[in-house]
Amino acid sequence: MPARLDPKLRRLLEAELDRQRHGLTLIASENYASLAVLQAVGSVLTNKYSEGYPGKRYYGGNQVIDKVELLAIDRVKKLFGAEHANVQPHAGAIANVAVFLAFLKPGDKILSMSLDAGGHLTHGFRRNISGQYFKIIHYGVNARGYIDYDEVARLARKHRPKMIISGASAYPRAIDFKKFGAIAKRVGAIHLADIAHIAGLVVTGLHQSPIPYADVVTTTTHKTLRGPRGAIILCKKEHATAIDKAVMPGLQGGPLDHVIAGKAQAFYEALRPSFKKYQRQVIANAKVLADTLQQHGIKLCAGGTDNHLILADVTPLGITGVVAEHLLEEVGIYINKNMIPGDPRKPLDPSGIRLGTPAITTRGLTEPEVAWLGLLIAARLRSPHDRAIKHQITRAVATLTRRHPIYQELR
C-alpha cells in the first residue's frame, strides 16, 4: 500500500488485500480487476468534473476527459455490437432506473422475474424503487427450475405491460433473449435485458446475445467483465437521446471519470483473444463445481448450471443460507446467502446459497482444483461441527491460495 496513506486507513486496506489474497472468492458477482484497471481507477481523472457528454460539458477543461469517454464508448460498442452506448452509470441499479425513467411513468406495468426465482432487486422488489413506483407482474420458474416462456407469454398477453425485463441475478441456466424479444414485440412492450451477470459470456459468444432482440441492455462492468465497479447502458440509436437524458441530467450529475477510464481498460482486455479462453474456463469450472457438489449431497436448483453461477438449497442439510455463508467464511471460502425458487424464508435469512467461478478462474484454478474445492465445500456444510474437517479445509484453502496468488505486485 502507498506509504502516504494515514496509518489507520493503511492498515484497513492492507487487511482487505490480505483477505483477498488468502481467501477464495466464490461470490458470483465478484471478480478481480487487473492491475491496469486498478491503476486507471486510482488516477488523476478523479479530480475532474465533467457533467454532460463529450463535446457538450457544463465545465471547461474536459478535452482529455472527452477522449477517455469516447474511447470507452467506441470499445464497448465494438465489444457488444451495439448501436449506442452510455458508459456513465455509476452502478447497475442506476442503469436500470435510468431505463425506467426513459420509458415509463409511475404506475406503468413491468413484467419481470421475481426475486426468489432469481431476479434482481431493481426488477420490482417491493422495497426497491422499482416495486414502489411501478405495478409489477412477476414470472418465475417451473418445477425444474427453468423459465417457463409460455407463462411469460401468457402473463404478457393478460397484463399488457409497458416493459418486460429479461435477465437475472441468480439464475443458473441460459436465457433465451430471442423468445423474450418476440413476446415483448407481440404486446408492444419495451424489452430491457439486464445481463449484469453474464456480460462476459455474451461478448465472447458463450451465451446468446440480447443485442438483436432487446430495445435496451444494461450491465455492470465488474462480475464476468472483470472491470471496475460501474455499469453501462446499450441501446438502439432510436432510443439514444432518451437514455442519455435519463442518465444525465435525469439521475446523475458528474460522471466518475476515473471509473470510466477503468471501464475503457476493461473493454480493451475483453476484446483480446485470451478473454474468451478465460470465459470458457469460467463455465468449465462452474460445471465441475456443480457436478461435485451434487455428487456429495448438495441439492442444486435447476439441477446444475449453464453459466458461471450455481444456486443451492442447503435446508436438506439442516442449515440455512446464513449459516452456510458463515461456515464457509470461517475457512476462507466466500459465498453469499441467496433465496431459492419458492423460498418460504426472507431475503436476509434465505434457504439457499449462490456460488460463482469468475474470481477463482481469474486466479488460475482449473477443473481438478475446482473439484477439490467442491469437495471441501460439501464437507464443511455436511459436517459443520467437525473441528478436524474444519482444520483440514482451512489448510487446503491456504494451499490453493499459495498455488494461485493474486495481486502479488501490490505492497
Practice problem: Scan V68, V152, V64, V99 and give me the residue that is outside any loop (DSSP other than H, G, I, E, B) and either exposed (fewer than 15 other Cβ atoms within 10 Å of the Cβ) or of a type in the set (D, E, K, R) (or both). | Solution: V64
Quiz prompt | Per-region count, the range 313-363, residues closer than 24 Å to T221 by Cα, touching a Lys or Arg at 6+ places or on another chain (Cβ under 7 Å) and assigned to a helix (DSSP H, G or I) | solution = 2
Exercise. Give the residue that is surrounded by the most Cβ atoms within 10 Å (Cβ to Cβ), with candidates limited to residues of the range 364-400 that are more than 29 Å from the chain's Cα centre (by Cα), assigned to a helix (DSSP H, G or I) and not aliphatic (A, V, I, L, M).
Key: K390
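Residue-wise test of (1) in contact (Cβ under 8 Å) with a residue 24 or more places away in the chain; (2) in contact with a strand residue (DSSP E or B) (Cβ under 9 Å, 6 or more places away or on another chain); (3) within 16 Å of A85 (Cα to Cα).
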| site | (1), (2), (3) |
| --- | --- |
| G250 | yes, no, no |
| D257 | yes, no, yes |
| R272 | no, no, no |
| Y278 | yes, no, no |
| V282 | yes, yes, no |
| A286 | yes, yes, no |
| Q294 | no, yes, no |
Quiz item: Could we say that K277 is part of a helix (DSSP H, G or I), in the same structural domain as L45 (by TED's automatic domain parsing) and at pLDDT 95 or above here?
Solution: no
Self-check item: Residue tally, condition more than 23 Å from the chain's Cα centre (by Cα) and either of a type in the set (A, V, I, L, M, F, W, C) or assigned by TED's automatic domain parsing to the domain that holds L225 (or both), over the range 1-54
Solution: 19
Exercise. For L35, work out the one condition from (1) crowded, with 19+ Cβ neighbours inside 10 Å; (2) in contact (Cβ under 8 Å) with a residue 40 or more places away in the chain it doesn't fulfil.
Key: (1)
Quiz prompt | Answer residue from the range 38-58, given it is part of a loop (DSSP other than H, G, I, E, B) and without any contact (Cβ under 8 Å) to a residue 12 or more places away in the chain and is surrounded by the most Cβ atoms within 10 Å (Cβ to Cβ) among those | solution = Y58
Quiz item: Looking at the range 26-49, is at least one residue over 24 Å from A246 (Cα atoms), in contact with a strand residue (DSSP E or B) (Cβ under 9 Å, 6 or more places away or on another chain) and among the charged types (D, E, K, R)?
Solution: yes
Quiz item: Within the bounds of the range 188-208, is there any residue that is in a helix (DSSP H, G or I), modelled with pLDDT of 95 or more and more than 26 Å from S274 (Cα to Cα)?
Solution: no
Quiz item: Does L293 meet the test of being within 22 Å of A379 (Cα to Cα) and either in a strand (DSSP E or B) or among the hydroxyl-bearing types (S, T, Y) (or both)?
Solution: no
Practice problem: Would you point out which residue out of Y133, Y146 is farther than 25 Å from D244 by Cβ and at pLDDT 95 or above? | Solution: Y146
Quiz item: Got at least one residue in the range 242-257 being among the polar types (S, T, N, Q), assigned to a helix (DSSP H, G or I) and assigned by TED's automatic domain parsing to the domain that holds F103?
Solution: no
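The values are calculated or read from the model by the stated rules, or taken from the named source; none is laboratory data. Nothing here was measured: the structure is a model prediction, and the numbers come from that model. So basically every Cβ, Gly included, is an ideal-geometry build from the backbone, and we count neighbours across all protein chains shown.
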